[in-house]
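Visitor: Can you keep this structure in mind? I'll have questions shortly.
Values quoted throughout were computed directly from the atomic coordinates according to the rules given, and no laboratory measurement underlies them. Quick caveat, the model's predicted, so the values are computed rather than measured. Cβ placement follows ideal geometry from the backbone for every residue including glycine, while neighbour counts extend to all protein chains displayed.
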Amino acid sequence: MQTSRIIRFLALLAVLIVAGYFLGRHFAKPRDAAGKPQRPASARDTAPAANQSEARAFSPGDLLSQIFDLLRNGNLQPGDLAALRRMLLAADPHEAMAAILAFLATGRDARTGEAFGIQKGGGLAAAPTFRVMLLDMLGRIARDAGSDDALTFSKALLTRKTSADEWAIALRNVAWAAPEDRAFLAAKMHEMLAYQPWRQQPGAGFLEAFDVIVFTRDVTFAADLAAMATSEDDATRRAAAAAMDRLSEMAPLDVMNYLNSHPVEFADRPFLRADYFSKADLSQPQQRQAVEAYLARADVAVAEKDKLLAVFASPGSFVGDTLVTEPAPADDPPQRTAGLRAAVGEWLKGNRFPDLANALGQLQQRLAE
Amino acid sequence: MNRPTLIASTLLAYFFCAIPVLAQGVENPAPIGADVTKKMPFAMVGQAIFRSGQSWYQGSGTVVQSKSVLTAAHNVWDPVNGWSTNVQFNRARSGAAIASRTFASRLYVFGSYRTVAARYGAESSRAFASDLGGLRFNVAPAAGAYAGWRADTRSLAAGAPVLSLGYGAEYHSGDELLAVRSASGFIPVLGAFLESTALTFEGGMSGGPVLSEVAPDDFRVVGIIVAGSVTPPAAGIRALDAAGAAFLATYLRY
């Protein structure tokens, strides 16, 4: 038994060495760009295109089985999973997807020892289980190949509660393949948030899936996020507050209108609520009206309004790597600052908000620096 | 050699070449003095005063580009009070003397929806593993000068001596720049979070730089202070890794 395990390991090692040799030779060759299709940047970052005939020499299916066996037997070597990822991305996409789908259909799984880690572009740098890793690879390969395979499989997976990590990647795969299907994503996200076993013990996948809320731009999630912003769980509180902040940045007018028409939401987190109005671009008349309506609200304390005016002077953004959405741009549009300056000047001149005169004066001074 | 240069040289020699026996005990932050505070790269470190909710807090940061300061994310945002406001950066402060006072015009938190804090609990020294924050200014805090930085977690983990700086306000006034030397580097704990039990950090030093001498007389920011306790002694830093470098290059590039 032990001998056969060693033989299997040595055989796989030989396969990896040979594959590495061919990939090395490939990259040593001068690039011949003429007529060669370009892979999208997301794939190029992690998997430079390899010669498909070379990659085809190693069956993706065999490779998956061998790596999985090593993982199950505790014989996986450092770098083996990374090598597998590279080889799957370098293989013929349809063969790779077929092998992944065949493996996923078996239901077999094992923990990888990795954490749930997201890299730039939404792919996983690390996956906690073999299945999550394959779901991630399936989505990435399908996106680059323009295939619906990941969409079909992910939608089927989302009909049963497998794990929050798998759901997070399945939702991402759907968002990549069918970005217009926001209603489906929103419905599944609501279902995910309502599933108590996941909500009570939120893991990395559950929390990172909050990015799907931001992607949908669906402000009806505000109620869920407001409830979770006061959760007993630190991670849930933080993720909910951050997701609402990013949702406000993505859909400022919708969020402000929702919060103005639902005064209870975030009333127990007044300084967070103030932040969500700070995303407004006051050069846009509707957004300015929404801010003015908020500043005129009798149910909102002066301290909260002061916070909004202070945040206007130095707005904040979350800019980490996320599953689906793009981070905030590094440069703010100049019309935003101009709109803010104009609005503050007019509010002060017309004594529009007497209770806020001091805070408005400070804001005007800060904007002049 | 004039007097301030002599003092700076002596201190640097102490921090980076002190006899090994000092490494056996626990090192605590100590003031570096007004003259050294004015020297590069120490002059790029500043005290960050900010409001969160109804209270005022203090942290530290470093000018890493003409109009950008690197600090800790928990100086910039928290899940109850949201974004900090009135973030004032007092560069090279020494008592009442302040080289420049500027207010941040843009704040950034580099992080995802989940945090390691949640996994380990807010009281854990491991709580701030991915804790990078950034401040941008309309006015250059150091007239265009800045400290260099380098993403190199390997040198930190390899035991190279480093110097951590910040405006500690727990056992000191909070208005003097403190420094503490780690003779044997830090031990990797999780991701870019590294820890040492051979030194301590004070409250208020959060966001301050961890400096490494990458070449003779070339000191670079290689991480920031993010956590610490005196009892038991523990000092946590967030190393500048590839992801952190991308954050600086994108959002703190001005």
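Visitor: Going 7 Å from the Cα of residue B:157 in the Cα-to-Cβ direction, what parts of the range A:73-95 have a backbone nitrogen less than 14 Å from that spot?
Guide: Residues passing the 14 Å test: A:78-79.
Visitor: OK, next. Taking the simple approach of a point 7 Å from Cα along Cα-to-Cβ for both residue A:156 and residue A:262, what is their distance in nm?
Guide: Roughly 3.5 nm, to one decimal.
Visitor: Other chains' Cβ within 10 Å of A:235-243 residues: what's the mean?
Guide: Going residue by residue through A:235-243 and averaging, the value is 6.
Visitor: Moving to a separate point now. Note down the relative contact order for the range A:179-369 as a percent, whole number, built from C-alpha pairs under 8 angstrom at least six residues apart.
Guide: 18 percent
Visitor: If you find the alpha carbon centre of the range A:105-123 and of the range A:210-284, how far apart are they in angstrom?
Guide: Cα centroid of the range A:105-123 versus Cα centroid of the range A:210-284: 29 Å apart.
Visitor: So, R0 is 30 Å and r is the distance between the beta-carbons of residue B:245 and residue A:233; what FRET efficiency does that work out to, to 0.05?
Guide: Efficiency computed from Cβ-Cβ geometry: 0.40.
Visitor: State the extension gain, in nm to one decimal, for the chain segment bounded by residue B:38 and residue B:184, taking 0.36 nm per residue of separation less the distance between their alpha-carbons. Mind showing how you got there, number by number?
Guide: Numbers: separation 146, 0.36 × 146 = 52.56 nm, distance 2.69 nm.
In short, 49.9 nm is gained.
Visitor: Show me A:167-173, A:293-299 ranked by packing, highest mean number of other Cβ atoms within 10 Å first.
Guide: Peptide ranking by packing, descending: A:167-173, A:293-299.
Visitor: Rounded, prolate or oblate: which fits the range A:179-369 when a ≥ b ≥ c are the square roots of the eigenvalues of the alpha-carbon gyration tensor, with rounded for a/c under 1.5 and prolate only if a/b beats b/c?
Guide: Prolate, because a/c is 1.5 or more and a/b exceeds b/c.
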